[in-house]
Amino acid sequence: MSRWSIFVTAKMPDYVERDIAAAFDATFNTTGEKLTQEQVLKGLEGKDALFGGVGVKMDAAFMDKLPSSVKALGTYSVGFDHVDIAAAKAKGMPVFNTPDVLTDTVAECAMLLTLGVARRVTESVALMADWKGWTPLQLNGMEVAGKTMGIFGFGRIGRAIADRARAFKMNIAYSDMNKFSPDLEQGAIYYKDPAELMAHCDILILACNSTPETRGFLNRERLAKMRPTAIVVNIARGDIVNDDALIEALSQNKIMGAGLDVFNNEPNFDPRYKTLPNAFILPHIGSSTVEARRRMGQILIEGLLAFKDGKPARNRLA
Ligand code: DGY
């Protein structure tokens, strides 16, 4: 069977590009620039599949305009809020993503954010510019041992964060649409109502998918349920958070702090976060390790090749 020709929409790490080139006749976006929808559609002319897609909105209009040669879409991400899955299904257009392979990397980032806020890293780094020396008062943070981590969204990533938090002697609680089986809970306390979770936890981790139900979840009303010593961590998607509400809570010390890897309107995130000493902010690096990036490429290649050969793929979304 002949090789597929694919269009790779984003500049990939060299080792991923090598894996792609070994599997497909690939046209790479070598510019490093983010392509517009129109540029992507043009690049797809005569191609069998799209590879990449983070930053490319694949909405119903995009699906309608896809060249007839295109047989599959692969998004180099586990999140698929930028893809209209219903529209893809309606078109009979298969979509593949990168589940499982970045779980450990993202969970590590959640711990980094948790500890970064608890130990006041933003203020500590700033202080090093003119440090006058150790004092008992200097930047007293919060010990996480014995505290309760509340995880909103107890899927693969949420549970992987729980595994790490247990090693830090934290208690685990969670909220999700349904209660999980005891083997997956491993003693975690279930709150059906997320507001209850928020009232009972010290560290709230947002690890849910971005869906119409979760968008804007962290609003003023829900933040008001949290303890004044609480920490919020977002490794999910920016749109889970109402920025005005969170910034108000941070600037008025209604909570201790927030660790954020994802933002509304990336990369043009709300600049007020940059001025808040109790915000520890990262540029969406949750899945950015060499190990995860390589595996993300491999699983996407596997999914597209399996589909091409008429075989099932574990990472097919539509
Ligand atoms: C993911 O894989 O969803 C990462 O957040 C990159 O978008």
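The values are calculated or read from the model by the stated rules, or taken from the named source; none is laboratory data. Remember, predicted model here, so these are calculated numbers, not experimental data. Every residue, glycine among them, receives a Cβ derived from its backbone with ideal geometry; neighbour counts consider all protein chains shown. Remember, those area values only see protein heavy atoms, side chains included, never the ligands or the DNA or RNA. Shrake-Rupley method; radii C 1.70, N 1.55, O 1.52, S 1.80 Å.
Worth a mention:
- Accessible solvent surface per residue of the chain, calculated while the other protein chains remain in place, 1.4 angstrom probe, Å²: 48 Å²
- Additional length obtainable on full extension of the chain from Ser181 to Asp100, 0.36 nm per residue less Cα span: 27.2 nm
- Rh (Kirkwood; distinct C-alpha pairs) - the range 103-281, Å: 16.4 Å
- Farthest positive-ward along the chain dipole, Cα basis, beta-carbon charges - from Ile157, Val40, Asn171: Asn171
- Spherically averaged projected area in nm², based on the convex hull that wraps the Cα atoms of the range 1-99: 6.1 nm²
- Set of lysines with alpha-carbon distance to Lys254 below 24 Å, sequence-local pairs under 8 removed: Lys147, Lys225, Lys274
- Only the Cβ atoms of Lys and Arg (+1) and of Asp and Glu (-1) were treated as charged; on that basis the dipole of the range 103-281 about its Cα centre amounts to roughly 360 debye.
- Of the beta bridges in the chain, as assigned by DSSP with both residues counted there, near 5 percent are antiparallel.
- Residues of the range 248-262 falling in the label zone of Glu143, defined by backbone nitrogen less than 20 Å from a point 7 Å along Cα to beta-carbon, are 256-257.
- Largest-first ellipsoid semi-axes for the range 175-318, taking √(5λ) over the Cα gyration tensor eigenvalues, angstrom: 32, 21, 13
- About its Cα centre, the range 35-116 has a charge dipole of approximately 340 debye under the convention of +1 per Lys or Arg Cβ and -1 per Asp or Glu Cβ, with nothing else charged.
- FRET E, pair Thr27, Lys57, Förster distance 22 Å, beta-carbon r, rounded to 0.05: 0.60
- Within the accessible area of the range 103-281, the carbon and sulfur atoms contribute 54%, probe 1.4 Å, all protein chains present.
- Sorting Leu112, Leu139, Leu223 on solvent-accessible area from highest to lowest, probe radius 1.4 Å, gives Leu112, Leu139, Leu223.
- CD proxy at 222 nm, helix term only [per DSSP H run n ≥ 4: -39500 (n - 2.57); per residue of the chain; nearest 500]: -9500 deg cm²/dmol
- Packing-based ranking, highest mean first, of 287-294, 182-189 given that Cβ atoms within 10 Å are counted: 287-294, 182-189
- Between Arg18 and Asn268, the simple label model (points 7 Å from Cα in the Cβ direction) yields a spacing of 3.9 nm.
- The chain shape via C-alpha gyration tensor axes, a/c threshold 1.5: prolate
- The stretch between Ser68 and Glu45 holds 7.5 nm of extra length on full extension. This uses 0.36 nm per residue minus the Cα-Cα distance.
- With respect to the chain, whose longest principal axis is taken over its alpha-carbon atoms, helix 103-118 is tilted by about 30°.
- With every protein chain in place, the range 3-66: carbon and sulfur % of accessible area (1.4 Å): 51 percent
- Dipole of the chain, positive end: most advanced residue of Gln252, Cys208, Val83 [Cβ charges, Cα centre]: Cys208
- Dipole check for the chain: with +1 at the C-beta of Lys and Arg, -1 at the C-beta of Asp and Glu, and the Cα centre as origin, the magnitude is about 280 Debye.
- Positive-end ranking of Ile240, Asn265, Val121 along the dipole of the range 103-281, with charges on Cβ about the Cα centre, is headed by Val121.
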